[in-house]
Amino acid sequence: MERLFELEQFQMASSVYKGGSGKAKGTAWTKSETDRLIAMYFEQQPLREIAEALSRSYMSINKRLCYLRKNGKLKIS
């Protein structure tokens, strides 16, 4: 339940954390990036660390996880 809260917390965030060097806004996700995101998420790594490792913003990580959950590609119990 805590992970779900963390996933949806971005909707209320007033500022955006930019992890790593950052990519251009709107950069498409590759399959390998998505696979790595899912693996790191299930390893219980903090979302900010995932963002830094993938050179994505914290907001981008949250949005991608929500997208995957909504489309049945990420099962959260």
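The values are calculated or read from the model by the stated rules, or taken from the named source; none is laboratory data. Model, not experiment: these values are computed from the prediction. Because the Cβ atoms are built from the backbone with ideal geometry, glycine has one as well, and the counts that use them run over all protein chains shown.
Within region 47-77, count every residue that is surrounded by 12 or more Cβ atoms within 10 Å (Cβ to Cβ), free of Cβ contacts under 8 Å to residues at least 12 places away in the same chain and in a loop (DSSP other than H, G, I, E, B).
0
Among the candidates Glu8, Glu33, single out the residue that is assigned to a helix (DSSP H, G or I) and at pLDDT below 95. So that I can check it myself, show each step before the final result.
Numbers: Glu33 fails: at pLDDT below 95.
Result: Glu8 is the single residue among Glu8, Glu33 that is assigned to a helix (DSSP H, G or I) and at pLDDT below 95.
It is to be established whether one or more residues within region 18-25 are out of contact with any Gly (no Cβ under 6 Å at 6 or more places or on another chain) and at pLDDT 65 or above.
yes
Could you please give the count of residues in region 37-58 that are farther than 18 Å from Arg69 by Cβ and touching a strand residue (DSSP E or B) at 6+ places or on another chain (Cβ under 9 Å)?
The total comes to 1.
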